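Nothing in this text is a laboratory measurement; each read-out follows from the coordinates by a stated rule. Predicted model only: the values in this text are computed from it and were never measured. Reconstructed Cβ throughout: ideal geometry from the backbone, glycine too, with neighbour counts over all protein chains shown.
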Amino acid sequence: MCSLLLTAAPLWAQQATEASENGSLTVTVEGIDGPLRDNVLAFLELNRFAGQTAPDETRLRWLHNRAESQIREALQPFGYYRAVVESSLNAVPKGWEARYQIQPGPPLPIAALDMQILGEGQQDSAFQAFRAKLPLAPGQTLDQPKYEQMKQTLESLATERGYFDAHFTESAIQIDLEAYQAAIHLHYQTGPRYRFGDISFKQNILSSTLLNRYPRFKPGDPYDANELLKLQSDLNNSPYFSQIQINAPPDATTNTAPVNIELEPNKKHKYSAGLGYGTDTGARVKFRAEQRWLNWHGHHAEEELQWSTIKSLIGVKYKIPGADPISDEYSLTAGYSQQDYNEQDYQRFYIGGGWQSQEGKWLKNYSLNYQYEEFSVGDQPTSSSLLLIPGLNWTWIDADDRLYTRRGVLFGFELRGASTALLSDLNFVQGVLHLKSVYALNDVSRLIARGDVGATAIKEKFEELPTSLRFFTGGDASVRGYAYNTIGPTDSENVVIGGKNLLVASVEYEHQVRDGWSLAAFVDSGDAFDGANPN
């Protein structure tokens, strides 16, 4: 009986460069392909000269004589220990040709796999999941790269889960060439799982009360590196900091990992401005200012000014972190907007507040706005209204990439209304549904489908509903090919005055020609209307 005990350390072919004036060398390997062929070529010292000038004949033949043993050695990590190699080295008109015909023979099967996880990790669901899906099993062919992968995965899992004292008590492959089978012994002692220690923040702009609401773990919880990654991402997504450094060095005396977080504050003020032109709006200007923090409680504010040839807006928003600053935020808003376009004119003043909450894939917004609007549409007399409007806007998004989606679905709905019983001049309820789907056909093409459905119920005459709350369609964001807000019910002078209901559908094929540039073909259809059916 012949028995070998291997530690299964990866074997790597050394690289070197030699040359002589002896013609070029061609190396041909036949009978195998894929990783086996790649490893054989890496092990073959002769292959270093393939496609180059061959060494002198004495050196060449010496290397050729070593090739068969190198080929067999290269195949062994993949479980082939009975390879048959036929080799030849011949002079050809332009140099030399080395040819190797390989029959790898029968693969060496795994007869036994002794895989043990010891210590606290034995009860850890992550190690149990790994144990249930091992890349090797009895009856399979011995594959030493997969064996090394198993070891690396165990070590990575231990580091990620806080088993900082983990080590292998046994790791070996026993090969019986006489019985032509292998046995794997892999025992991994995880030791204790460390716990998170004290959490400390180093910064000087926010209160500890606010910052302590960011970690999703607390001292004493089992260590998990993913929790630190989430914390870093959450802090990075906040407006407050430009750099976040988190260290959690293990302390073997207490089996804990204290979490030290160093935060570099962002610039307190941020300004942005833009100029543009749109087919809907004409020339336009935009200015935005942001105060990233106003006090120790993390309150921050935004101001925005937009102007175009048809509409303008000025608004202020004051934001307050919620109980969970990662997902909850309160806001106070005030502003003025106006439109002077195609006899669909209005001036609107508003003040209000809201609450935004992120729950999984749902983004939920609740608002309460008090607005005064003076409006004039078509041949209807100038009117005004004072409305207290509660509303909600829920959006569900499932997308592979929010910036450039290749596969994704968006579903959203809005609901708003007012009542004369609650400080309002009108009684109305309005709802809107949104649906959008993106499906990539290949790396550069995708299909985009979208639809919008809206409906309004109003107790008073429709003419009393402010312009900003009526449905219009037409333009770049709805039915392309039509000018902005040119589709909908009209008055006696053929001026579009808006409708109670909305229906828009679109299908688009987009082909990317270069980064940031695409060509599109689309079919849009839609209408704003008053009756049961669109025109």
Next on the checklist: Over the Cα atoms of the range 401-473, each weighted equally, I'd like the Debye log10 I(q)/I(0) at q = 0.11 Å⁻¹, rounded to two decimals.
Outcome noted: -0.45
Checklist entry - Residue farthest toward the positive end of the dipole of the chain, with Cβ of Lys/Arg at +1 and Asp/Glu at -1: which of Ser376, Ser437, Gly34? => result Gly34
Checklist entry - Rounded to the nearest 5, what % of the DSSP beta bridges within the range 24-103 are antiparallel ones? => result 55 percent
Item to check | Cα-based convex hull, the range 109-189, per residue volume (Å³, whole number) | outcome: 75 Å³
Checklist entry - Which whole-Hz couplings ³J(HN,Hα) result when phi for each residue of the range 388-394 is put into the Karplus expression 6.51 cos²θ - 1.76 cosθ + 1.60, θ = phi - 60°, listed in order with x for Gly and Pro? => result 9, 10, x, x, 9, 9, 10
Checklist entry - Under the classification rounded if a/c is under 1.5, otherwise prolate if a/b is larger than b/c and oblate if not, where does the range 268-310 fall, given a ≥ b ≥ c as square roots of the Cα gyration tensor eigenvalues? => result prolate
Item to check | Proximal charge balance of Ala111 [Cβ under 15 Å; K/R count +1, D/E count -1] | outcome: -4
Next on the checklist: Show me, bin by bin at 10 Å from 0, the whole-percent P(r) of the range 24-103 based on Cα pairs.
Outcome noted: 19, 55, 23, 3
Checklist outcome for this item: Magnitude of the Cβ-charge dipole (Lys and Arg +1, Asp and Glu -1) of the chain about the Cα centre, nearest 20 debye, reported as 480 debye
Checklist entry - Taking Cα atoms, how many degrees apart are the long axis of helix 57-75 and the longest axis of the chain, rounded to 10 and kept between 0 and 90? => result 60 degrees
Next on the checklist: Per 0.36 nm of contour for each residue apart, how much would the distance between Ala111 and Ala449 grow if the chain were fully extended, relative to their Cα-Cα spacing?
Outcome noted: 116.2 nm
Checklist entry - Among 275-286, 145-156, how do they line up from the highest to the lowest mean number of other beta-carbon atoms within 10 Å? => result 145-156, 275-286
Item to check | Separation of alpha-carbon centers, the range 175-224 and the range 352-406, rounded to whole Å | outcome: 43 Å
Checklist entry - How far is helix 225-237 tilted off the main Cα axis of the chain, in degrees rounded to 10, range 0 to 90? => result 40 degrees
Item to check | Protection proxy ranking of 180-188, 381-389, 200-208 - average other beta-carbon atoms within 10 Å, highest first | outcome: 180-188, 381-389, 200-208
Next on the checklist: On a full-extension model of 0.36 nm per residue, what is the gain between Ala252 and Ser518, subtracting their alpha-carbon distance, rounded to one decimal in nm?
Outcome noted: 90.1 nm
Item to check | Percentage, to the nearest whole number, of Cα pairs in the range 322-529 over 20 Å apart | outcome: 65 percent
Checklist outcome for this item: Total charge of the residues flanking Arg216 in space, meaning their Cβ is under 11 Å from its Cβ, with Lys and Arg +1 and Asp and Glu -1, is -2
Next on the checklist: Can you compute the FRET efficiency between Thr309 and Glu68 using 1/(1 + (r/R0)^6), with r the Cβ-Cβ distance and R0 = 56 Å? Round to the nearest 0.05.
Outcome noted: 0.10
Checklist entry - Which pairs in the list Lys268/Lys319; Lys286/Lys317; Lys461/Lys500; Lys286/Lys364; Lys267/Lys364 are over 19 Å apart, alpha-carbon to alpha-carbon? => result Lys286/Lys364; Lys267/Lys364
Next on the checklist: Take Glu460 and Lys268, extend 7 Å from each Cα along the Cα→Cβ direction, and tell me the distance between the two endpoints in nm.
Outcome noted: 4.6 nm
Checklist outcome for this item: Of the candidates Pro390, Ile261, His511, the farthest towards the positive dipole end of the chain (Lys/Arg Cβ +1, Asp/Glu Cβ -1, centred on the Cα centre) is Ile261
Checklist outcome for this item: Share (percent) of C-alpha pair distances in the range 195-265 greater than 15 Å works out to 49 percent
Checklist outcome for this item: Of all DSSP beta bridges having both residues in the chain, the percent classed as antiparallel (nearest 5) is 90 percent
Checklist outcome for this item: So for R0 = 51 Å, FRET eff. of His187-Ser242 from the Cβ-Cβ r, to 0.05, ends up at 0.65
Next on the checklist: Give me P(r) over the chain, computed from all C-alpha to C-alpha distances, binned every 10 Å, as integer percentages.
Outcome noted: 3, 12, 15, 16, 14, 13, 12, 9, 5, 2, 0
Checklist outcome for this item: One finds the C-alpha centres of the range 264-308 and the range 449-482 to be spaced, in Å, by 28 Å
Checklist entry - Between Glu508 and Arg480, what length comes free when the chain is fully extended (0.36 nm per residue of separation minus the Cα-Cα distance, one decimal in nm)? => result 9.0 nm
Checklist entry - Under unit Cβ charges (Lys, Arg +1; Asp, Glu -1), what dipole magnitude, rounded to 20 debye, does the range 268-310 have relative to its Cα centre? => result 180 debye
Next on the checklist: Nearest 5 percent is fine: what portion of the DSSP beta bridges confined to the range 109-189 is antiparallel?
Outcome noted: 55 percent
